[in-house]
Amino acid sequence: MGNLRPMGPERWWVLVFLAPTLLGLLLGTFGSIFATLGISFTDWDLLTPATLAGISNYVDLPGDRLFRNALWNTLAFSALYVPATVIISLFVAIGLNRRIPGISFFRVAFFLPTVSSPTAVGLLWTWIYAENNGLMNRIVTALGGDPVSWLSRDVALYSVVIVNVWGAIGGGMIIFLAGLQSIPKDHCEVAALDGATPWQRLRFITLPALAPAMFFQIVLTTINAFQAFDYIYILTRTGNGNSTMPTLVFSIYRTGFRFFRMGDAAAQAVVLTGMIFVLTLVYFRLQKRWGAQA
Amino acid sequence: MTPVSIRDLVKRYGAAQVLHGVSFDVAAGEFIALVGPSGCGKSTLLRMVAGLEDITGGTVSIGGRVVNDVAPKQRDIAMVFQNYALYPHMSVAQNMGFSLRLHGADRAEIARRVAEAAEVLGLTAYLDRMPGQLSGGQRQRVAMGRAIVRQPQVFLFDEPLSNLDAALRVQMRAEIRALHDRLGTTSIFVTHDQVEAMTMADRIAVLRAGRLEQVGRPLDLYDHPANAFVAGFIGSPAMNLLPGQAAAGRVVLADGLAVATEARAEEPVIWGIRPEHLELVPEGTEGALGAEVVRVESTGTADFVSTRAGGLVLDALFTTRPALAKGQRIWLHPMAGKSHLFDAETGGRLQ
């Protein structure tokens, strides 16, 4: 092997070549984070100079009806989306973890939504969900039912969860497939010799072996759920630029760039980040305890 | 105790045929070793007995019942894998008791039988450990323990010692044999190591390229190999096998060297002699072969001497520690009655 670490003057060149990436990271990522934190303590409408507001933006948040509504929508969405995505992608992965002809076709088919443009696919779904002549309602009326307003306030949550889960199955499936394929074949063979039924093999061998993949997937899906925006916005936007199901990210965008209350928007963003952070910590704790038991 | 019977067993993967009609019987309570070079089909055969591979042709019977279409779990067998296949998320005790738990045994019964097996294998102190915290030898014992708590009709071993270091391998093979003597369960042990087969088995079945070459007791295979392949495979260091021409009472080898043998018709043959059956004799002894020392390897117990006799390589093994040097000229004499003759074409034994 030899020593691959850069020596002497080479070190400076390393810095030079890394500079564009490092600068982007520094300004783009860390810069935004600190700017958001800073702005959240000010009142700023983008036109007049910002004035210090202390913690008033945070204190006012609980009283903000629109924010509360967006928070509730996001929590309801996550409560449905996270378990549905994890469970469905797990079973799709188990179903596709075998050597049968045409298996690659199905794996590609399930993964396709992950690499498709959310805007284009979102538009496709607006047609599927359209009240007049939409695919869903054609099926419903063909079966003798009355057309459903899929994206109205009452139903939008479920319609939106379906599209988001559909779009996320592929990514989850890949993680679970990798986990499944790292289970040694002889573990399943020993279990078969020991008399385990397929259900017992899943319960005692496969699922425990998938615990790390499952944990990773739950954390990732939760973060995605709290940040969900694209499909939801495209499906539920109204003519006046509003939404029938505003989420936290939509609320941040609306508060900042439609109401021009950057301080309030930044405070909401910080709260969202904090919530994701706390949830991830809880998962880590749970995994540690679960891991110690197993 | 249960006998196992293999009849005309054939295995094909598409166009590739792995087993070409193998037949042998394992008596109730017998320990049989299945030995052969890599790719000879021995593991495939074992997996067919276990039910992990489909049977293309022929039959496998366990306890007189043909099990070709019986699910693995209903064959009442336990298998020990090369990689042990311990469940990493279960403790030693949970690993060992898993099959009983699957069968709905109550906790007290599981604990009792696991404790019993742990006692036999010296694992009592490790029952609460996870597999990741054990050494290779301990994991091997847990895999054994998992097999014995079930009290199955037949044990199957798929090269269980190949992942252990040399010293541990010697120790474990004695332990496995002792365990067999104690439990008396019919066992089939697959290995590529003929020393393991020789030291552990009641009988050995030698496989080559999907065909059974010979089945017999270890010393029978050593003393009377059925063909040149078994002669070369069983015994370490390997037998010298040299092409020659049989003539009246002797075999003429290449370069005009000749060795005495029983009278035979004139025909091309393979003459075989084990290294330990060559004696060091003074120059001019009748029937001795002159050879030049090429290499000497001393283990203390014995000296392995590689020589060149004319154009032929001839290996010898001496326990008398003769002081030999590279390049030295020595005289080797085949011990009376210890040489083997095989057909040059088929490799079959001629005596």
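Checked against the criterion of being of a type outside the set (A, V, I, L, M) and under 18 Å from the mean Cα position of the chain (by Cα), the candidates A:Thr273, A:Thr255 yield just one match: A:Thr273. When B:Arg208 is tested against (1) touching a helix residue (DSSP H, G or I) at 6+ places or on another chain (Cβ under 6 Å); (2) open to solvent by less than 50 Å² (accessible area, probe 1.4 Å), exactly one condition is not met: (2). Yes or no: B:Val215 at pLDDT below 90, open to solvent by 30 Å² or more (accessible area, probe 1.4 Å) and either part of a strand (DSSP E or B) or not basic (Lys, Arg) (or both)? No. Taken residue by residue, the stretch A:240-248 has at least one member that is part of a helix (DSSP H, G or I), modelled with pLDDT of 90 or more and buried (at least 22 other Cβ atoms within 10 Å of the Cβ).
Of the residues examined, B:Gly137 is one that is over 19 Å from A:Ala196 (Cα atoms), in the same structural domain as B:Arg173 (by TED's automatic domain parsing) and open to solvent by less than 20 Å² (accessible area, probe 1.4 Å). Residues in the stretch B:125-134 that are open to solvent by 30 Å² or more (accessible area, probe 1.4 Å), touching a residue at least 40 places away in the same chain (Cβ under 8 Å) and in a loop (DSSP other than H, G, I, E, B): B:Met130 alone.
Among the residues of the stretch B:230-240, not a single one is assigned to a strand (DSSP E or B) and farther than 19 Å from B:His333 by Cα.
Inspect the stretch B:110-118 for any residue being within 27 Å of B:Ala166 (Cβ to Cβ) and away from chain A (no Cβ under 13 Å) and give the result as yes or no. For the stretch B:110-118, residues within 27 Å of B:Ala166 (Cβ to Cβ) and away from chain A (no Cβ under 13 Å): present. Across the stretch A:195-223, the qualifying residues are those that are within 25 Å of A:Val278 (Cα to Cα) and surrounded by 19 or more Cβ atoms within 10 Å (Cβ to Cβ), and the one among them that is nearest to the other protein chains (Cβ to nearest Cβ) is A:Leu210.
Exactly one residue among B:Arg65, B:Arg112 is under 23 Å from B:Gln140 (Cα atoms) and either touching a His at 6+ places or on another chain (Cβ under 6 Å) or surrounded by fewer than 17 Cβ atoms within 10 Å (Cβ to Cβ) (or both), and that residue is B:Arg112. Being more than 30 Å from A:Gln200 (Cα to Cα) and modelled with pLDDT under 95 holds for only one residue in B:Gly58, B:Gly14, and it is B:Gly14.
Let's see how each residue does on (1) away from chain A (no Cβ under 13 Å); (2) within 14 Å of the chain's Cα centre (by Cα):
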| position | (1), (2) |
| --- | --- |
| B:Ser135 | yes, no |
| B:Val142 | no, no |
| B:Gln153 | no, no |
| B:Ser162 | yes, yes |
| B:Arg173 | yes, yes |
| B:Thr186 | yes, no |
| B:Arg208 | yes, yes |
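Screening the candidates B:Gly104, B:Gly122 for the property of being at positive phi, surrounded by fewer than 22 Cβ atoms within 10 Å (Cβ to Cβ) and within 13 Å of another protein chain (Cβ to nearest Cβ) yields one hit, B:Gly104. Picking from residues in the stretch B:75-86 that are open to solvent by 40 Å² or more (accessible area, probe 1.4 Å) and farther than 10 Å from A:Leu193 by Cβ, the one that is farthest from the other protein chains (Cβ to nearest Cβ) is B:Gln82. When residues in the stretch A:136-179 are screened for being free of Cβ contacts under 8 Å to residues at least 12 places away in the same chain, of a type in the set (Gly, Ala, Ser) and either outside the structural domain of A:Asn242 (by TED's automatic domain parsing) or open to solvent by 50 Å² or more (accessible area, probe 1.4 Å) (or both), 2 of them pass. When each of B:Ser23, B:Ser38, B:Ser61, B:Ser43 is tested for being within 16 Å of B:Pro152 (Cα to Cα), in the same structural domain as B:Leu161 (by TED's automatic domain parsing) and among the hydroxyl-bearing types (Ser, Thr, Tyr), the lone residue that passes is B:Ser61.
Before we move on, is B:Gly39 within 26 Å of B:Thr199 (Cβ to Cβ), more than 14 Å from chain A (Cβ to nearest Cβ) and open to solvent by 40 Å² or more (accessible area, probe 1.4 Å)? Yes. Residues satisfying the criterion are present in the stretch B:87-98 (criterion: open to solvent by 20 Å² or more (accessible area, probe 1.4 Å) and more than 9 Å from chain A (Cβ to nearest Cβ)).
Among the residues of the stretch A:56-67, those that are under 12 Å from A:Asp264 (Cβ atoms) and either free of Cβ contacts under 8 Å to residues at least 40 places away in the same chain or not polar (S, T, N, Q) (or both) comprise A:Ser56, A:Tyr58, A:Val59, A:Asp60, A:Leu61, A:Gly63, A:Asp64, A:Leu66, A:Phe67.
Restricting attention to the stretch A:180-194, and to residues there that are more than 7 Å from every other protein chain (Cβ to nearest Cβ) and open to solvent by 10 Å² or more (accessible area, probe 1.4 Å), which single residue is nearest to the chain's Cα centre (by Cα)? Among residues in the stretch A:180-194 that are more than 7 Å from every other protein chain (Cβ to nearest Cβ) and open to solvent by 10 Å² or more (accessible area, probe 1.4 Å), the one nearest to the chain's Cα centre (by Cα) is A:Leu180. B:Thr320 - would you say it is at pLDDT 90 or above, open to solvent by 40 Å² or more (accessible area, probe 1.4 Å) and farther than 23 Å from B:Phe229 by Cβ? So B:Thr320 passes the test.
For the stretch B:149-184, filtered to residues that are open to solvent by less than 20 Å² (accessible area, probe 1.4 Å) and among the aliphatic types (A, V, I, L, M), the residue that is nearest to B:Val80 (Cα to Cα) is B:Leu156.
The values are calculated or read from the model by the stated rules, or taken from the named source; none is laboratory data. This is a predicted model, so every value here is computed, not measured. Every residue, glycine among them, receives a Cβ derived from its backbone with ideal geometry; neighbour counts consider all protein chains shown. We work out accessible area using only protein heavy atoms, side chains counted, and drop any ligands, DNA or RNA first. Shrake-Rupley method; radii C 1.70, N 1.55, O 1.52, S 1.80 Å.
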